[in-house]
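To keep things clear, I will list the structure first and then write my remarks on it.
The values are calculated or read from the model by the stated rules, or taken from the named source; none is laboratory data. Keep in mind the model is a prediction, meaning the values are calculated, not measured. Quick reminder, even Gly has a Cβ in these numbers, built from the backbone with ideal geometry, and neighbours come from all protein chains shown. When the accessible area is computed, the model is the full protein with side chains, heavy atoms only, and any ligands, DNA or RNA have been set aside. Shrake-Rupley method; radii C 1.70, N 1.55, O 1.52, S 1.80 Å.
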Amino acid sequence: MTSWTGYLRSDGSKGIRDWILVVHTVECARFVAEKIASGEENVCCIGYDPCNDNDYAIRLLLALSRHPNAGGALFVGLGCEYTQPRRLAEVTEASGRPADWFFIQDTGGTLTAVAEGKRRLAALKERVEKNRKPVSMGWQDLSVGCECGGSDATSGLAGNPLAGRFFDRLVDRGGTAVFEEMAELVGLLPELLRRAETPEAAEEIRAAYDNMVRYCTSVRQYSISPGNFAGGLSTIEEKSCGAYAKSGSRPIRGVIRVSERPSGKGLWLMDSLPDPYFMQFGYSNPHDTEGLMDLLSAGCQVLFFVTGRGSPVGAPLAPVVKITGNSGTFLKMEEDMDFDAGPILSGETGFDEAALELESLVERICRGDRSKSEILGHREYAIGCKFQDTGRPRRC
């Protein structure tokens, strides 16, 4: 039985990495936070830019600080923002992870604050090391999220179907798979409902789909770009069929929202679109980086990014495995791309053989090999303002 060494967390989840986060709670603290994290092994910086109070952003920050791949967190605030680093640290600490915080205004200027942050980070590293609990883990402990972006015609023909084939194998082994992009499921409601595992799941899917139609109508835009047209896609419906292929063929257990973890194993659909709100703020993900952050917030330890036209981006906390169905893109951007699914289209290999190769790559990454984005140090992140209602009963 396949297994590797991971890190056990107090909530029972297991991580394949043991990162420490340095989190700035407002743009004004970003520079200091980034300097604190700079040059530190297994430390990455994320944060929230606005000074306002946004429940969606708070939930996302907390989800990331309690991610299976996170061993601890240091929160850095300016001192006059709404987002409070002390409270974030308290909730993170309550999850069994070491955490600390401070305000720049209480500490001094830039250099003094960076030095104080480095001191606190060194102490936090010692606590994380003492708290580390190596444990055996396998496919049944793994959650993989999949995003597609920079799509072309090969994405729907090879890249996304390959990810879907991997998802089927992962779910069959007791693992968890999460796919998203509600705004790229246009016209597919009957197919989604057909795959709903329960009547409750069908109700969630229908509600998410109706909200997608409302949202796209209100902003007068669907999720298709000039690059998609240049890559051979003609309509949002055609793009949606290709995007849907990454879900594989297993039953959909239900819908989760940003910062909600699946309540059980299996295949889940993530809805990241904003709900109706009188201020009408919050947008669909403006770029692929935010979509990757959404999947991270669901606790995915590994992320797939399927891109026909190519992309260099990565993510904090989790390895990003970039898959392309376009062999030309792979050759042109081989320093960034991890897996070439193009041979499926040329007839050199089949989906089952390619899925086994992809599975082998993921296993090596879980054992400690780094994806291309990890090697290059890509840790792009984006946390924006949005409104998503969590008042109605949902799986948490």
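Tabulated values for the structure
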| item | result |
| --- | --- |
| Residue check, Asn131 of a type outside the set (A, V, I, L, M, F, W, C), surrounded by 24 or more Cβ atoms within 10 Å (Cβ to Cβ), at negative phi and in contact (Cβ under 8 Å) with a residue 24 or more places away in the chain | no |
| The one condition in (1) open to solvent by less than 40 Å² (accessible area, probe 1.4 Å); (2) within 27 Å of Cys80 (Cβ to Cβ) that Gln105 fails to fulfil | (1) |
| Candidates Ile224, Ile252 - the one that is at pLDDT 90 or above, β-branched (Val, Ile, Thr) and over 15 Å from the mean Cα position of the chain (by Cα) | Ile252 |
| Test: residue in the range 184-194 that is among the acidic types (Asp, Glu), crowded, with 17+ Cβ neighbours inside 10 Å, touching a helix residue (DSSP H, G or I) at 6+ places or on another chain (Cβ under 9 Å) and more than 23 Å from Asp294 (Cα to Cα) | no |
| Residues that are in a helix (DSSP H, G or I) and either among the hydroxyl-bearing types (Ser, Thr, Tyr) or in contact with a strand residue (DSSP E or B) (Cβ under 7 Å, 6 or more places away or on another chain) (or both), drawn from the range 132-162 | Asp141, Thr154, Ser155, Gly159, Asn160, Leu162 |
| Which listed residue is touching a Gly at 6+ places or on another chain (Cβ under 8 Å) and open to solvent by 60 Å² or more (accessible area, probe 1.4 Å), from Leu111, Leu157 | Leu157 |
| Single residue of Gly145, Gly175 found to be open to solvent by less than 30 Å² (accessible area, probe 1.4 Å), under 30 Å from Leu8 (Cα atoms), in contact with a Cys (Cβ under 7 Å, 6 or more places away or on another chain) and in the same structural domain as Cys216 (by TED's automatic domain parsing) | Gly145 |
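Yes/no matrix, rows are residues, columns are (1) surrounded by fewer than 16 Cβ atoms within 10 Å (Cβ to Cβ); (2) under 19 Å from Ser297 (Cβ atoms); (3) within 21 Å of the chain's Cα centre (by Cα):
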residue	(1), (2), (3)
Val22	no, yes, yes
Cys28	no, no, no
Ala33	no, no, no
Asn42	yes, no, yes
Ile46	no, yes, yes
Asn54	no, yes, yes
Tyr82	yes, no, no
Glu90	yes, no, no
Ala94	yes, yes, no
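Quick grid of which residues meet (1) in contact with a strand residue (DSSP E or B) (Cβ under 7 Å, 6 or more places away or on another chain); (2) over 14 Å from Ser155 (Cα atoms):
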| site | (1), (2) |
| --- | --- |
| Tyr215 | no, yes |
| Arg220 | no, yes |
| Gly231 | no, no |
| Ala243 | yes, no |
| Ser247 | yes, no |
| Pro251 | yes, yes |
| Val255 | yes, yes |
